[in-house]
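The values are calculated or read from the model by the stated rules, or taken from the named source; none is laboratory data. Source: prediction; values computed, not measured. Because the Cβ atoms are built from the backbone with ideal geometry, glycine has one as well, and the counts that use them run over all protein chains shown. Heads up: the accessible areas ignore ligands, DNA and RNA and are worked out on the full protein's heavy atoms, side chains in. Shrake-Rupley method; radii C 1.70, N 1.55, O 1.52, S 1.80 Å.
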Amino acid sequence: MGNQVEKLTHLNYKEVPTADPTGMDRDEGPRIGVSYIFSNDDDELEQQQDSVHDLGGENPALQPYDPQLHEVECSVYYRDECIYQKSFSEEDTQLEEGDEGGGGHLSTYTPENLLNRCKPGDLVEFVCQAQYPHWVVYVGDFQVVHLHRLEVVNSFLTDASQGRRGRIANRLYRYKPLSPAVVVRNALEQVGCKDRDLSWRNSECFAAWCRYGKREFKIGGELRIGKQPYRLQIRLGDKRSHTLEFQSLEDLIMEKRRNDQIGKAAVIQELSSHLQAAEEEEEEDHHHPGAQTAVE
């Protein structure tokens, strides 16, 4: 297919060249996911206000929240190495001390409960239906550092949560972490950085950079040329998955966060429509082999 011209906005799945719908990789040349250039998803206040209207005027932070119902299970690969995984299956989830929900490290807690669990250098992910996840770095003394509305700020954890439940997110990314003291220092040194001085598109990229120190989390940290080395594998259930390929981790994270914001049901519906169209097209090709030969 050759290299694709990068787009400035998100494309729906029907327009995105992807891997095989069955989840099996076939070597048919480069396939590209979605490229986000000059965009930012962390103007969260405005987006949350829009979400309130979408849910009939009720604050989504006050709605019952079930991670397994709303969150998309996925894995991220760099070439053949798994560098991120969110899975609620028993073999991928280990029970943690004090966990009554059975979700292991993906269990969510109230902000007040999180204060008793967090240690300096921990990453915390706040989640809520119809909102982008918000990531923060816990720096001790009930305080966090996070990227919020185009500025790195220091806040109390309870204030940064905005009433949302959260989880300690240290085990989602599989990179080797820096020492807690270095993580805290990385975060505190960026407090006050804003607007054009920022090197991260969203709170997740900032928090992950603080903990792992990898330039791939920064804006423009990787060249978008050649074959797409990153794969986002989205689990659809019944041992089915769908894979998108990306030229940079930054672009992949933007797509992953979009999926988290629209929710599991919407992602599956969006993908199902795309897969159904692909299957119908493939079936039509089988019924008209002469036409397929003509195309070739």
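Remarks
- Residue within the range 77-94 that is more than 19 Å from the chain's Cα centre (by Cα), open to solvent by 10 Å² or more (accessible area, probe 1.4 Å), modelled with pLDDT under 95 and closer than 28 Å to I262 by Cβ present: yes
- Filter pass, G166 being at pLDDT 95 or above and either of a type in the set (V, I, T) or more than 29 Å from V267 (Cβ to Cβ) (or both): no
- Just one of the numbered conditions (1) of a type outside the set (V, I, T); (2) open to solvent by less than 40 Å² (accessible area, probe 1.4 Å); (3) at pLDDT 95 or above; (4) more than 17 Å from W135 (Cβ to Cβ) is not true of S179: (2).
- Residue satisfying all of: in the range 132-157; aromatic (F, W, Y) and over 14 Å from W200 (Cα atoms); least open to solvent (accessible area, probe 1.4 Å) among these: Y138
- Taken over the range 226-279, the criterion of being of a type in the set (S, T, Y) and crowded, with 19+ Cβ neighbours inside 10 Å is satisfied by Y230, S241, T243, S248.
- Selection count, the range 114-150, where residues are closer than 19 Å to G104 by Cα and out of contact with any helix residue (DSSP H, G or I) (no Cβ under 9 Å at 6 or more places or on another chain): 2
- Matching residues in the range 202-221 - criterion: being more than 13 Å from G121 (Cα to Cα) and open to solvent by 10 Å² or more (accessible area, probe 1.4 Å): K214, R215, E216, K218, I219, G220, G221
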